[in-house]
Amino acid sequence: MNQKIKEVVNTEDTKLSGNKIIELRNNNEQYFIMNGKRKSYHILTYGCQMNEHDSEKIGGMLTSIGYEETDDEKNADLVIFNTCLIRENAELRVFGKLGEVKGLKRNRPDMVVAVCGCMMQKEEIRQKLLKSFSFVDIIFGTNTIQELPGLIYDVEVNSKKSVDIIDNTELIYENMPKIRKFKYKALVNITYGCNNFCTYCVVPYVRGREKSRLPQEIINEVKKLAEDGCKEITLLGQNVNSYGSNLDDKCTFSDLLYELNKVDGIERIRFMTSHPKDLTDDLIKAIKECDKVCNHVHLPVQAGSNEVLKRMNRHYTREHYLNIVEKLKKEVPNIAITTDIIVGFPGETEEDFLETIDMVKEVQYDSAFTFLYSVREGTKAAEMEDQVPDEIKHERFEKLLNVLYPIVLERNRSCIGNTYPVLVESVSKTSENYLTGRTEHFRLVHFKGSEDLIGEIVNVKITSVKTFHMEGKLQQK
Ligand code: 5AD
Ligand code: SF4
């Protein structure tokens with residue numbers, strides 16, 4: 001299949017004509033001169049790292065037309081909701097917060113409210129928004145971020161509500177400006193969309209088919225990040241393991257890792273998410289051989305029973321999964337394995353659930369995200385009979401955590417007394433004398449240290465652990 005690439009070299013290259021963009025930028029400069037401050041924006045981001053990264057692109061687009069970021073929505077001139085549809089909870093949170101913002105807009109009618117992201121890819125939800133949340137000024141989709149300046153122009157200059165969703169999700173937009181949240185660690189898209197159609201999941205419907213970025217585009221982006229002082233990259237894709245499947249010139253995910261491992265200045269390479277059905281021996285070899293690739297694999301198991309895995313359309317068995325885990329542990333000593341687990345998938349029996357528990361015990365996960373199955377309209381699982389009653393879902397969820405957490409704690413305990421390189425991320429939220437960072441295994445570490453270490457990789461000796469973090473002592477170099 002031919003790769004369709006659309007270059008967005010700058011914000012002029014959108015549907016909006018250059019003149020209008022210049023007008024918008026000039027208006028914003030005028031505003032700055034008159035008010036002594038720039039128009040401000042605040043983005044509320046829901047959901048996964050893919051959305052986090054899209055928000056960095058939205059920030060980049062807005063900065064390029066003269067906006068500046070502000071810490072909360074209360075005083076913002078432009079509030080953007082970047083929404084998630086993966087579970088009902090995420091959806092409800094967005095509607096709740098929209099209600100709050102409606103109140104703000106009543107007092108400040110000039111405030112512009114925009115909603116984008118996965119929820120907006122669904123026609124029914126867009127209709128609901130247009131009907132019941134009519135104060136929303138702009139609606140755009142996951143593939144129309146580059147059109148945002150034009151949409152703002154329509155609201156601000158033409159005083160009209162604007163909606164722009166492109167159903168065609170085949171284009172890849174390169175070189176979008178980005179306001180990155182951190183200087184020393186960065187998210188980098190490698191694929192967009194998903195081809196897997198797990199029966200519970202809405203992603204393939206809203207984000208379209210899988211498309212890989214060209215390796216050279218990714219390598220160039222990573223080189224540029226390294227030049228700007230970035231030390232850690234996280235490669236993003238719904239299934240990074242199938243990277244390259246639509247490229248004309250063959251390049252697998254492991255090929256890409258070997259290339260990125262050569263980039264000077266980058267010290268850590270992470271990636272997520274790995275689908276177990278596509279995790280190859282080549283990838284295990286790449287993790288082992290590439291010194292910068294972290295010894296951590298996020299490998300969502302979802303369920304432990306073959307019956308459930310089949311109905312989930314996951315295309316692997318528990319035996320296959322355990323076989324990969326065994327290989328990973330053998331080839332990459334000390335590898336951390338983390339996972340996603342869904343409890344209460346339609347038709348899950350008590351025996352099926354016990355197989356999930358058994359899986360957790362057998363793999364000894366370093367950490368796991370656990371979810372109650374959430375019915376997503378339009379997916380196959382939503383139509384399945386034998387939906388598990390909420391009460392049983394919650395009971396099983398609790399039982400799962402009672403098994404999982406002691407295992408995670410035990411895995412953390414095995415770190416006590418060892419010294420690990422930690423990339424310092426920020427001052428700790430709980431104490432200003434403490435810093436927070438992560439080991440290559442993605443374990444969160446708190447330790448005493450001064451702010452100037454943020455962005456450095458330092459050695460920390462682990463002194464005590466909890467389930468969700470560890471504490472340690474900074475070691476001299
Ligand atoms: N219900 C519960 N969890 C879900 N996930 C995806 N769809 C659903 C759903 N309908 C979980 C999966 C996936 C993670 C990102 O979200 O575990 O790996
Ligand atoms: Fe959803 Fe499955 Fe694709 Fe992951 S691999 S995004 S769970 S359909």
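The values are calculated or read from the model by the stated rules, or taken from the named source; none is laboratory data. If you're wondering where the values come from, they're calculated on a predicted model, not measured in any experiment. In this analysis, Cβ positions are derived from the backbone assuming ideal geometry, glycine residues included, and neighbour counts consider all displayed protein chains. All accessible areas refer to the heavy atoms of the entire protein, side chains included, with ligands and DNA or RNA removed. Shrake-Rupley method; radii C 1.70, N 1.55, O 1.52, S 1.80 Å.
Taking amide H positions as modeled 1.01 Å from N, with prolines and chain starts lacking one, the residues under 5 Å from T234 and 5 or more places away or on another chain are A186, L187, V188, R270. Sorted largest first, the spans of the alpha carbon positions of the stretch 157-249 along the three principal axes are 42, 39, 27 Å. In the chain the longest region clear of GluC sites (Glu not before Pro) that are loop-assigned by DSSP and have at most 11 other C-beta atoms within 10 Å covers 1-384. Restricting the calculation to Cα atoms, the stretch 201-262 shows an Rg/Rh of 1.01 when the hydrodynamic-style radius is the Kirkwood one.
Seen from every direction in turn and averaged, the convex hull around the alpha carbons of the stretch 338-477 projects onto 10.4 nm². Considering all C-alpha pairs of the stretch 201-310, those separated by over 23 Å amount to 32%. Rg of the Cα atoms in the stretch 298-359, relative to 2.2 N^0.38 Å, amounts to 1.14. In the chain, the DSSP-assigned H stretches of four residues or longer account for a calculated mean residue ellipticity at 222 nm of -11000 deg cm²/dmol, using -39500 (n - 2.57) per stretch and the full residue count as denominator.
Computed from Cα atoms alone, the Kirkwood hydrodynamic radius reported for the stretch 246-404 is 17.1 Å.
Heavy atoms of the protein chains alone define the surface here; on that basis the stretch 352-467 has 53 Å² accessible area per residue at 1.4 Å probe size.
Sorting F345, F397, F442 by solvent-accessible area of protein heavy atoms yields F442, F397, F345, largest first, with a 1.4 Å probe. Within the accessible surface of the chain, defined with a 1.4 Å probe on protein heavy atoms only, the carbon and sulfur portion equals 48 percent. Just the Cα atoms of the stretch 429-472, one point each, no solvent: what log10 I(q)/I(0) does Debye give at q = 0.15, 0.25, 0.32 Å⁻¹? The calculated log intensity ratios at q = 0.15, 0.25, 0.32 Å⁻¹ are -0.33, -0.94, -1.41.
The translational diffusion coefficient of the chain, from Stokes-Einstein at 20 °C and 1.002 mPa s with a Kirkwood hydrodynamic radius over alpha carbon pairs, comes to 89 µm²/s. The convex hull drawn around the Cα atoms of the stretch 35-151, when projected onto a plane and averaged over every direction, covers 7.0 nm².
Going by accessible surface with a 1.4 Å probe and the largest first, H296, H320 read H320, H296. If the segment from E398 to N19 were pulled out straight at 0.36 nm per residue, it would be longer than the present Cα-Cα gap by 130.6 nm.
Gain in length, E331 to K448, computed as 0.36 nm per residue apart minus the alpha-carbon separation, to one decimal in nm?
Values: separation 117, 0.36 × 117 = 42.12 nm, distance 3.46 nm.
Between E331 and K448, full extension yields 38.7 nm more.
Computing FRET efficiency as 1/(1 + (r/R0)^6) for D291 and N195, where r is the C-beta to C-beta distance and R0 is 35 Å, gives about 0.65. Using a simple spin-label model with pseudo-atoms 7 Å out from Cα toward Cβ, E377 and N323 lie 4.1 nm apart.
For a 4.7 Å threshold on C-beta separation, the list of partnerless cysteines in the chain reads C48, C84, C116, C118, C194, C230, C251, C290, C294, C415.
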